[in-house]
Amino acid sequence: QVQVVESGGGLVQPGGSLRLSCAASGSIFAFYAMGWYRQAPGKQRELVAIITNSGSTNYGDSVKGRFTIAGDNAKNTIYLQMNSLKVEDTAVYYCLLQQMGSVYWGQGTPVTVSS
């Protein structure tokens, strides 16, 4: 089994920054990608950022230029640096790991951007 655990969410003011972490453990032998999705109340889950094991990245349009994803393959850990946060970034942020055609999700960490 694979476990995915997020951390780092919280309350931040508009314009502020926050850094999320995600650590994967368990039966990890050849993961393809890790990444972040988010879901705001009443909305569908959407892509935030993905990073492959070769370092390629992909971002959702709404976060390009503000968020940066980075990974440490040796630790099966990824990070999401979120800058210039907006109220509309408020959501539960979910981490995922993709391996051998399966996707493993974390429980999510809430991010609230409010003054």
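At least 1 residues being free of Cβ contacts under 8 Å to residues at least 40 places away in the same chain is the threshold, and among the strands (runs of 3 or more DSSP E) wholly inside the stretch 14-115 those reaching it are 18-26, 46-52, 57-59, 67-72, 102-105.
In the condition set (1) farther than 20 Å from Gln107 by Cα; (2) more than 11 Å from the chain's Cα centre (by Cα); (3) open to solvent by 70 Å² or more (accessible area, probe 1.4 Å); (4) modelled with pLDDT of 95 or more, Thr68 is compliant with all but (2). Which is open to solvent by 60 Å² or more (accessible area, probe 1.4 Å) and more than 16 Å from Pro110 (Cα to Cα), of Gln1, Gln44? Answer to the check: Gln1.
The values are calculated or read from the model by the stated rules, or taken from the named source; none is laboratory data. Quick caveat: nothing in here was measured; it's all calculated off a predicted structure. So basically every Cβ, Gly included, is an ideal-geometry build from the backbone, and we count neighbours across all protein chains shown. Heads up: the accessible areas ignore ligands, DNA and RNA and are worked out on the full protein's heavy atoms, side chains in. Shrake-Rupley method; radii C 1.70, N 1.55, O 1.52, S 1.80 Å.
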